[in-house]
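Heads up, the thing below is written out as structure tokens.
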6 protein chains.
Amino acid sequence: MARPDGRSADQLRPVTLTRHWSIHPEGSVLVEFGNTRVLCTASVTEGVPRWRKGSGLGWVTAEYSMLPRATNTRGDRESIKGKVGGRTHEISRLIGRSLRACIDLKALGENSVVLDCDVLQADGGTRTAAITGAYVALHDAVGWLAERKSLAGKVEKVMHRSIQAVSVGIIEGEPRLDLMYLEDVAAEVDMNVVATGDGDFVEVQGTGENGVFRRDQMDALLDLALAGCADLSAAQQKALAA
Amino acid sequence: MARPDGRSADQLRPVTLTRHWSIHPEGSVLVEFGNTRVLCTASVTEGVPRWRKGSGLGWVTAEYSMLPRATNTRGDRESIKGKVGGRTHEISRLIGRSLRACIDLKALGENSVVLDCDVLQADGGTRTAAITGAYVALHDAVGWLAERKSLAGKVEKVMHRSIQAVSVGIIEGEPRLDLMYLEDVAAEVDMNVVATGDGDFVEVQGTGENGVFRRDQMDALLDLALAGCADLSAAQQKALAA
Amino acid sequence: MARPDGRSADQLRPVTLTRHWSIHPEGSVLVEFGNTRVLCTASVTEGVPRWRKGSGLGWVTAEYSMLPRATNTRGDRESIKGKVGGRTHEISRLIGRSLRACIDLKALGENSVVLDCDVLQADGGTRTAAITGAYVALHDAVGWLAERKSLAGKVEKVMHRSIQAVSVGIIEGEPRLDLMYLEDVAAEVDMNVVATGDGDFVEVQGTGENGVFRRDQMDALLDLALAGCADLSAAQQKALAA
Amino acid sequence: MARPDGRSADQLRPVTLTRHWSIHPEGSVLVEFGNTRVLCTASVTEGVPRWRKGSGLGWVTAEYSMLPRATNTRGDRESIKGKVGGRTHEISRLIGRSLRACIDLKALGENSVVLDCDVLQADGGTRTAAITGAYVALHDAVGWLAERKSLAGKVEKVMHRSIQAVSVGIIEGEPRLDLMYLEDVAAEVDMNVVATGDGDFVEVQGTGENGVFRRDQMDALLDLALAGCADLSAAQQKALAA
Amino acid sequence: MARPDGRSADQLRPVTLTRHWSIHPEGSVLVEFGNTRVLCTASVTEGVPRWRKGSGLGWVTAEYSMLPRATNTRGDRESIKGKVGGRTHEISRLIGRSLRACIDLKALGENSVVLDCDVLQADGGTRTAAITGAYVALHDAVGWLAERKSLAGKVEKVMHRSIQAVSVGIIEGEPRLDLMYLEDVAAEVDMNVVATGDGDFVEVQGTGENGVFRRDQMDALLDLALAGCADLSAAQQKALAA
Amino acid sequence: MARPDGRSADQLRPVTLTRHWSIHPEGSVLVEFGNTRVLCTASVTEGVPRWRKGSGLGWVTAEYSMLPRATNTRGDRESIKGKVGGRTHEISRLIGRSLRACIDLKALGENSVVLDCDVLQADGGTRTAAITGAYVALHDAVGWLAERKSLAGKVEKVMHRSIQAVSVGIIEGEPRLDLMYLEDVAAEVDMNVVATGDGDFVEVQGTGENGVFRRDQMDALLDLALAGCADLSAAQQKALAA
């Protein structure tokens, strides 16, 4: 089975990272992985939550959400249902953990950053696009703090690693990189990998959606993901240099 | 006091209506009134809610929301607070009522349309931009139904009127059209007017935010609003003709 | 079509304002517009919400609710549904804004007043009756503060305007004052007007429930409403003088 | 310690039962035990909840609530808190159980009655006043069904017992009937008794609020309560005969 | 009708009280009344809720809950329903009140204890088993405080009474002690009695589930309950002495 | 650093699987991994949720929860907070997905099984213990269906794989199996692995809690986990054979 958009198995979709998409946030990036389109904003506030006051450490957290018609069929709003669903919780927590791995909270000082990742259009890989874009938005927010002399350390020290994320999966036995929605629903195995620009892992979440997977398949997927993350890292560096 | 962006008192901000902004919805319009940016999507489903079944009538409803960092200061998500706020409720209901005024629900047949108006960036006038954009999204959704031969009547019959909305207000005694945020917070009187392309009223909501207003001020505001709505109507026709 | 209760088009229903209906609140008024019956209580607390402390300003807020069987068909309790509905929110906000327009918050000093408007029986015009009655309850509560020497200013200074509200509408083309329920559901246009004893507007909310309305109809409705508010103002003065 | 209102220990407060207080409900009674004032309405609907359909049995349920300023200090609304409190739950369940004890659900046929007991003013004994008033409201609602030939049995068969309730307690060692608020908070033992017109028990709930109580005290309280209920039964019969 | 497990009418089921069932809590008791199995844990925290600070008094509260499959048919979790049901509220409040009756809150000093009673398996009498077990868990928690020299008074002074609870009921006219589930659903009258080791009452809650009950039946049930509580008191003393 | 309980790095804690711990559920297993103690019950209902009716397929779902004092410090109940937390959601979803991987839903036929995993005592690894125990409870529930001739296929066909789960992590650079709580909080990398009795993966979730991890560390952890799962599989077989 060829890929729906004709890519090779180890090829990313076109990636764009548009900085300063919004006027209000301290960092704001529209990230696109093909048709997947996520608005990532970084909101800075001075100070930290009460339980962290006086620690000298900053705080980074994330919230993920999807517009009701980001998908092919309209989903009900969680605000109207009156509760946040399990999937939303799970992804918000993943994004927050991942971004905290790239930032030195001591060098950030007692500042807080909330990363809002709102999916405007979904075509698979929304959480990985969100992490990849949120890294750039966070970088801009840290730069904004630096300009105001509000950082405990230098920008390079605060953002001591870069972070990227990509999905991989096995479709009809073939390991593939960066699944689009049609592939996602057909995958036997689905894995999200968060990695650093240096090729280390931050988080690996793999699931046998319709079955189980062997150790050698696991290895193939990890290889594919690390290669994809290296490409995403290059795209981030290019966007930040612009 | 001159207007912050140098407009004359009876001048709209630049208005853009970008159709087909998203790939999934049956109608999707990114509407911009200056820096205010609202994504309006129209989602069609066959059939109507249970209480309306067998009536031969369609149904149109609307939901308004704001991204957390659409504004200068981040607001908490209503999904996380677990309830929809009074302001959100109020605006959603206003948009729904307004759009039902421009559509012949009998000619629509037993189809339902949900209009989602998500504010991506706010600078005053988000509800009036939402109504103006949602009209175009609804028009596209009705066109989509027509193409599929799923309409009881013709598009022109279903969309038997056009609808626009604009804010007006009094700042330091001067009536002004289409307030931006800085003007909104300074206004003595704030009014939202929904009108038809024929110059009739659909809804008028005026409030003396910091005081009261005289009958002659009321008249001046209504004149200004009807003129502004005529300009918005022209912009809508142009977008739909494109 | 004659009016169901034989009134002329510009006539109010019988209005009664019973002060001191309850023993506990600082102000309590049972207001009746015909069969519509609303208990308005004003509860005073020393101090203001945290965000207002040290400002020297007082605070006034309102909550509107309906008993489940105030209407012809029993409605579910919002406490049991676990959330406040959009209509309730909207009316509570309207009452709060309106009452804040008649009171000098600086002269009130750092005191808070909550106005609870509970509809015991509904027959149209519950929100306008609530505003009209709440004004009298608020006046009594301010008088109570004056007696305890807890006001920053004199009662007349604190209550620097009187406030009334009435509904108007168009039924079969005829503009009418103070709609009862049967008229309300039949109205082509429905408008609520909050005005001052001096004949200025505080709030105007007009809706074309089943269509649109012309500029001249708007004018006729505003005239009718201001005349009705003048009568309500007289009733309030009489009650307060008793 | 004499009673605050000079009553003897075994004397009820003045009791009034005003039928037809509201125009909409099938039964509506304003019950007063001294300053305690509860509006009891009975709402009839044809049919029963789904789990009971086809059983031939009717259904009776109750909801108790207090207006925010029914008490000396304003309480927050449960609709705004978003949940019903434990005390409200407990009392609603008690009222429902008690009223189901006086009605023959088979003779009622597949009809449902909701009893809403809203406390307009509280001065102790709100739950017992509510039960006593709700009995009369339910009787009127059953009469209404009889007039419409919608009852499976006769009114006397459906309402096969009368139900009353009263509070008793021990203050400074003295057993007293029908406690007002000041006595309620001072009581060592507090007991609510629901009884039938024939002097049998439906429900007994006694609590040693500030301690424990002996068997002989228990006996004295039960005697006092049964005598009070007999007086309440007479008041109900008189109201129903009017 | 013989009892399902062959007991005589005035006989308890086998009672076991296993102390130190869990490693984390300051007191933890697995209590069994026949097949009814409740885990009672006592959690101590230094300090008291804000409204009680500086009073010199401690605080004891309780929470009751049932595992979803503690019963014959699975019940939905209250966490997922998003609200605590009326029955749960009622029982939690009963347990809290009962336990506060056995403890001298002044001698406890400004310490708080939460008693969690989680029903692992239900066969009637869960609330009475919970109270009986919670007393022992609370005793152990108070002992733990004594060992840490954190008590204002001695253990015997703090725990100045013992508390037990048992259910009684009338089945086919016969008064019976300690109902199991099959008896509970068949009972004409159902009563829960909380008593002290000295034979005084703390709480009595009797309901005519399927009818009403006479004064002499009431007396018989109270006798049966006090005898049962004396046996439970002996079991508690034995467990605490072990 | 030696392990707190003296185990070698590749050694499980003592594992016990007690079947038939409760009398009501169709399957019930108390699973213990050292001090971690989870009650897993399987509740069978005939039929499937509405969206699955007529598919011929069964349904398996899971709910995880923790008693408030299962941990060293008492946690608030989610029922009282009114919402299920992100962590609970995440684990419930993981358990459900994992168990669906071991069962042939077609052979199960249109039956539903809910797996409740309630943590009675926590000392690390609660989710992996829950999965391991829930497999046995599910097996018993399927056996129960077989005895009642309610299965579409044979037990061996329905339960076509066995499933186990274990945690692994890196502490001070050393990969370790089956972390207890003290190790869990100290781990640089924390991974949960769900595997089959045949040594394939069902789910892998690894997180660099305090940093990142290299590819070779990943490999070491996967080896350790598969070896641990093989031991757990043996323990399950032994329990099921008893």
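Hey, in the GNM for chain D with a 10 angstrom Cα cutoff, which one of D:84, D:114, D:15 fluctuates hardest?
In the Gaussian network model the winner is D:84.
Along segment E:38-44, what does the Karplus equation 6.51 cos²θ - 1.76 cosθ + 1.60 (θ = phi - 60°) give for ³J(HN,Hα), rounded to whole Hz, x for Gly and Pro?
After applying 6.51 cos²θ - 1.76 cosθ + 1.60, I find 10, 8, 10, 10, 10, 10, 9 Hz.
Just rank F:83, F:53, fewest to most, by other beta-carbon atoms within 10 angstrom. The partial results should precede the final answer.
On the way: F:83 19, F:53 11.
So the ranking, lowest neighbour count to highest, is F:53, F:83.
Would you mind getting me the FRET efficiency between residue A:53 and residue F:234? Use the beta-carbon distance for r and R0 = 56 Å, nearest 0.05.
On the way: r = 50 Å, r/R0 = 0.90.
Result of the calculation: an efficiency of 0.65.
At a Förster radius of 41 Å, what calculated FRET efficiency corresponds to the Cβ-Cβ distance of residue D:18 and residue C:46, to the nearest 0.05?
Working: r = 37 Å, r/R0 = 0.89.
Computed FRET efficiency for residue D:18 and residue C:46: 0.65.
As a footprinting exposure proxy, order F:150, B:28, E:233 by other Cβ within 10 Å, with the fewest listed first.
Ranked by crowding around the Cβ, least crowded first: F:150, E:233, B:28.
Relative contact order (percent) for segment F:1-155, with alpha-carbon contacts under 8 angstrom and 6 or more residues of separation?
Details: 296 pairs, mean separation 50.3, N = 155.
It comes to 32 percent, rounded to a whole number.
Can you tell me the relative contact order of segment F:94-242? Whole percent, Cα pairs under 8 Å, sequence separation 6 or more.
Working: 238 pairs, mean separation 34.6, N = 149.
Contact order relative to length: 23 percent.
Taking a label point 7 Å from Cα toward Cβ, how far is residue F:11 from its twins in the other copies, in nm, shortest first?
Those separations, rounded to one decimal, come out as 5.0, 5.5, 8.3, 8.3, 9.8 nm.
List the residues of segment B:63-105 whose backbone N lies under 16 Å from a point placed 7 Å from the Cα of residue C:81 along the Cα-to-Cβ direction.
In segment B:63-105, the label zone of residue C:81 (backbone N under 16 Å from the point 7 Å along Cα→Cβ) covers B:83-94.
What percent of all Cα-Cα pairs in segment F:1-139 falls in each 5 Å bin, counting up from 0?
2, 10, 18, 19, 18, 15, 9, 5, 2, 1, 0, 0
Given the protein assembly as shown, what percent of its DSSP beta bridges are antiparallel, to the nearest 5?
On the way: 261 of 309 bridges.
Taking every DSSP beta bridge with both residues in the protein assembly as shown, the antiparallel ones total about 85 percent.
Rounded to the nearest 0.05, what FRET efficiency do residue E:156 and residue D:157 have when you use their Cβ-Cβ distance and R0 = 56 Å?
Numbers: r = 60 Å, r/R0 = 1.06.
E(calc), rounded to 0.05, equals 0.40.
If each label sits 7 angstrom from Cα along the C-beta direction, how far apart, in nm, is residue B:155 from its counterparts in the other copies?
Result for residue B:155, in nm, nearest copy first: 4.9, 6.5, 6.5, 6.6, 8.5.
Counting only Cβ atoms, what residue of chain C lies nearest to the axis that sends chain C onto chain F, and how many whole Å off?
Minimum Cβ distance to the axis, with residue: C:82, 4.
Grab every C-alpha pair in chain B, bin the distances at 10 angstrom width from 0 up to the longest one, and report whole percents.
8, 32, 35, 19, 6, 0
Using modelled backbone amide H atoms (1.01 Å from N, in-plane), which distant-in-sequence or interchain residues come within less than 5 Å of residue F:162's amide H?
When sequence neighbours closer than 5 places are left aside, the close amide H contacts are F:197, F:198.
Quick one: what do you get for segment B:122-242 if you divide its Cα Rg by 2.2 N^0.38 Å?
Details: Rg = 16.4 Å, N = 121, 2.2 N^0.38 = 13.6 Å.
Relative to the 2.2 N^0.38 Å estimate, segment B:122-242 comes out at 1.20.
Counting other C-beta atoms within 10 Å, and keeping those with at most 13, which DSSP coil GluC sites (Glu not before Pro) do you find in segment F:111-202?
On the way: sites: F:147, F:156, F:172, F:183, F:188; in loops: F:172, F:188.
Filter output for segment F:111-202: F:172.
Restricting to Cα pairs below 8 Å that are 6+ residues apart, what does the relative contact order work out to for segment A:165-242? Please round to a whole percent.
Numbers: 122 pairs, mean separation 24.0, N = 78.
It comes to 31 percent, rounded to a whole number.
If each label sits 7 angstrom from Cα along the C-beta direction, how far apart, in nm, is residue E:185 from its counterparts in the other copies?
4.4, 4.4, 4.5, 4.6, 6.3
Which of the three applies to segment E:75-135, rounded, prolate or oblate, going by the alpha-carbon gyration tensor with a ≥ b ≥ c and a/c under 1.5 meaning rounded? Numbers along the way, then the final one.
Details: a/c = 2.60, a/b = 1.69, b/c = 1.54.
The shape class here is prolate.
Determine the percent antiparallel among the DSSP beta bridges restricted to chain E, to the nearest 5. Before the final figure, lay out each step's value.
On the way: 40 of 48 bridges.
Percent antiparallel among DSSP bridges in chain E is about 85.
Is it possible to state the helix-based mean residue ellipticity at 222 nm for chain E, with each DSSP H run of 4+ residues giving -39500 (n - 2.57), the sum divided by total residues, to the nearest 500 deg cm²/dmol? What is it? Present the calculation step by step, with values, prior to reporting the outcome.
Numbers: 7 runs with 82 residues, N = 242.
The helix-only estimate for chain E comes to -10500 deg cm²/dmol at 222 nm.
Averaged over its residues, how many other protein chain Cβ atoms are within 10 Å of peptide F:192-204's Cβ atoms? Can you show the working numbers first?
Details: counts 1, 1, 3, 2, 3, 0, 2, 3, 8, 10, 6, 7, 10.
Shielding by partners across F:192-204 averages 4.
Computed from the coordinates by the stated procedures, all read-outs in this text should not be read as laboratory data. Note that the structure is predicted; figures quoted are calculated from it, not measured. In this analysis, Cβ positions are derived from the backbone assuming ideal geometry, glycine residues included, and neighbour counts consider all displayed protein chains.
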